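Encoded as structure tokens, the structure appears first; notes follow it.
The values are calculated or read from the model by the stated rules, or taken from the named source; none is laboratory data. Predicted model, so just to flag it, every value in this text is computed and none were measured. Every residue, glycine as well, gets a Cβ built from its backbone with ideal geometry; the counts of neighbours run over all protein chains shown.
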Amino acid sequence: MNTSKVSTEVNKVTLTLIHRQLVNICDEMAVSMMRTAYSPIFSEGLDFSTLILDREGHLIANAGLNPSMLGASLYAATWIVREVGPENFAEGDVYVHNDPYRGGSHMPEHMMVMPVFEAGKLVAFIGNIAHMAEIGGMAPGSFAATATDVYQEGLRLPPVLLYKDGEPVQDIWRIILSNHRTPKDSWGDLHAMYGSLKIGKRRLLQMIEDRGLEVVTQVFSDIQDYTENGLREKIRALPDGVYYGEEWFEDDGITATPYGVRLSLIVDGDEILFDFTRSDKQADGPINAPYVVTMSASLNALLYMIGGDLPVNAGLNRPVRIVTKAGTICCVQLPGSCVGGQTEYQPRIMEMVMGKVLGPILPNMTTAASGNTSLNFLFGGLDPRTGDYYAHYHFEATGWGGRVNTDGNNATMPPHANCRNTPVEIFESRWPWIHEQYTLARGEVGYGEHRGGSGVVRIIEVAAETITVSAMSDRASQHPWGAFGGGEGSLTRIEICPAGSSEFVSFQEHFHLVSPTKFTNIRVHRGDRVRLSSPSGGGYGPPEKRDPALVSLDVRDGYTTHDQAAAIYRVILDENDRVDEMRTAAYRKESE
Amino acid sequence: MSWQALRKPWSDTSVDYCDVCGNLLIHSYWEFLADERVMRACREDDEQLWYRLEAFRANYPPHSAGSPLTRQSTVAAPQTIKESTS
């Protein structure tokens, strides 16, 4: 049915239906990318987002797979549109772009945009952002924890034409493929991105034909207004005031100097200002954040706390301003390195806002700290089974913090990322590692009325002559904090047991490194074993308020011990770890 | 107090930052004078934002520059100070 003649007044039902349809298009694009990609970071990790944008590049709908890309989703396409000029886009064009100094989050994440024309008129863009597993630079996996400038982090692309008139621009493809260590994977992943754009374009044009251009473009505008108005209403419900928080990073991979982020969050009527300008100057190493990463951290925290089911689009930006200072860790200045800002800085700043800053006024919506590192572990080399060069960007799940009504999730990526782990079977079939252990670290969770979730322990053995490894993490000495009387979570540990030895020691000690969690291009050899231990989450609420039946279950499941049940949780268990209710009640009363 | 074009030759790959919020400037900027300093902003309403922030910043408490190892390991009763803005 063609409804192009109806009034462009869109009622809420139509607005909801069309918006959901737009989100469904993004979901279908995502499934296409997942199924056609070559790299497990796409097909298993789901480290990408799919987008529909208006003719100016403003975000209208997304698949929402990876919240960490929110800032770039809101901003990078507008940069492309303004840099290229809307009048210069043509049917069949596709632009690619990964520049953190043009609205990107960090260089591995590539954005593609394709213009959509209706009757010769530019009406929208289809876009996606995806983390490419390998883009060159000083370390396999393109996550150099000791990079001191952006030029060491891989191939940096301003917005350039990847397709023109629907045909590949071969010169650009050749530059890209010549600079990536695993060009076959890049070829497949870039085509997966391109294919998803074509699906999105086809579906959007179908919708325009069915609903009419005027209605669809009116929805583009109205859905942003809806989000803006909804967010203003939720902000207005918060008490006006200035709320403060700070977060520290242990080192930057170059020196052992800690770096601090300081936030003054201003609630003023129906607007919020995030003022980060008192933060430390930018680091020498790559823990810095581009502006959009600070934007992602701030907006994601706000959405988690008060967003409810608000549609995610460019309307979010209207009642909220993110204020930083160029040259600080929150707004890196060219040529600063910044690959770790997206994976380490962002989740920590997000939870700082949720826990330390807004937690006191929204205690039922807050959470204790999660492990909150992506524990990035990168590796590459020649595969003895095939003779081919391989590289992989691996991230490890951590435990989440306890919340007001539930324990923290076990083995889940930090809340900003939402990615999936790579199954052992995929891991071992693609790369020369053998798993000895991959388990939950149940005994390390933060205690509490709602305890933290468990991190993981992974032990892998080198099954090639040499593998070059790098790492980027934090929390080697700062525990994930508990909330409202809950206990701390555990720490990150990256260790090696050299071939022939039976003892694990830290990489820092064994290789004499500056940082225990950030290093680049360490060569490990056949028979060496690597142990990655990700942090468990902090607890929420005092442990002596935990349901005794859950404590009994915790003992049987290995989250705590018989003795800790008494000492920390004030729960007396019998010899079969069942609750002695009378003695427990008396003990808890006595302890009050 | 006007929009200015940010003109550069195509070969110039340098980047410019908003003096108010730190965001990148794309091809144009809003120019205004604040405390005898020429400011370049990414939005027109940043001029008003600058003065609005100045009022809040005057009341920020001093921050301490401590070691993270001693500052972060406490069980978190919220480390937040709230101030009235009225």
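Worth a mention:
- Residue among A:230, A:285, A:253, A:245 that is in a strand (DSSP E or B), closer than 30 Å to residue A:370 by Cα, in contact (Cβ under 8 Å) with a residue 40 or more places away in the chain and among the small types (Gly, Ala, Ser): A:245
Each row is one residue, and each column tells you yes or no for (1) assigned to a helix (DSSP H, G or I); (2) surrounded by fewer than 23 Cβ atoms within 10 Å (Cβ to Cβ).
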position	(1), (2)
A:41	yes, no
A:45	no, no
A:49	no, no
A:57	no, no
A:72	yes, no
A:78	yes, yes
A:107	no, no
A:110	no, no
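- Candidates A:177, A:190, filtered to the one that is in a helix (DSSP H, G or I) and either under 30 Å from residue A:305 (Cα atoms) or over 24 Å from the mean Cα position of the chain (by Cα) (or both): A:177
- Which listed residue is at the interface with chain A (Cβ under 9 Å from one of its Cβ atoms), modelled with pLDDT of 80 or more and more than 30 Å from residue A:82 (Cα to Cα), from B:23, B:59: B:59
- Test: residue in the range A:299-309 that is in contact with a helix residue (DSSP H, G or I) (Cβ under 8 Å, 6 or more places away or on another chain), within 23 Å of residue A:222 (Cβ to Cβ), more than 10 Å from chain B (Cβ to nearest Cβ) and surrounded by 22 or more Cβ atoms within 10 Å (Cβ to Cβ): yes
- Residues in the range A:463-498 that are more than 7 Å from chain B (Cβ to nearest Cβ), among the hydroxyl-bearing types (Ser, Thr, Tyr) and either closer than 22 Å to residue A:541 by Cβ or assigned to a loop (DSSP other than H, G, I, E, B) (or both): A:473, A:490, A:492.
- Odd one out for residue A:101 among (1) within 14 Å of another protein chain (Cβ to nearest Cβ); (2) part of a strand (DSSP E or B): (2)
- Against the list (1) farther than 27 Å from residue A:517 by Cβ; (2) surrounded by fewer than 21 Cβ atoms within 10 Å (Cβ to Cβ); (3) modelled with pLDDT of 95 or more; (4) away from every other protein chain (no Cβ under 14 Å), the condition residue A:284 fails is (1).
- Residue count, the range A:314-338 (criterion: among the small types (Gly, Ala, Ser) and assigned to a loop (DSSP other than H, G, I, E, B)): 4
- Subset of the range A:310-356 that is within 25 Å of residue A:419 (Cα to Cα) and polar (S, T, N, Q) - its residue that is surrounded by the fewest Cβ atoms within 10 Å (Cβ to Cβ): A:317
- Residue in the range A:443-450 that is in a strand (DSSP E or B), within 21 Å of the chain's Cα centre (by Cα) and not aromatic (Phe, Trp, Tyr) present: no
- Taken over the range A:257-281, the criterion of being among the acidic types (Asp, Glu) and within 9 Å of chain B (Cβ to nearest Cβ) is satisfied by A:268, A:275, A:280.
- So residue A:96, is it surrounded by fewer than 24 Cβ atoms within 10 Å (Cβ to Cβ) and away from every other protein chain (no Cβ under 14 Å): yes
- Selection status of residue A:293, touching a Cys at 6+ places or on another chain (Cβ under 9 Å), more than 10 Å from every other protein chain (Cβ to nearest Cβ) and under 30 Å from residue A:16 (Cα atoms): yes
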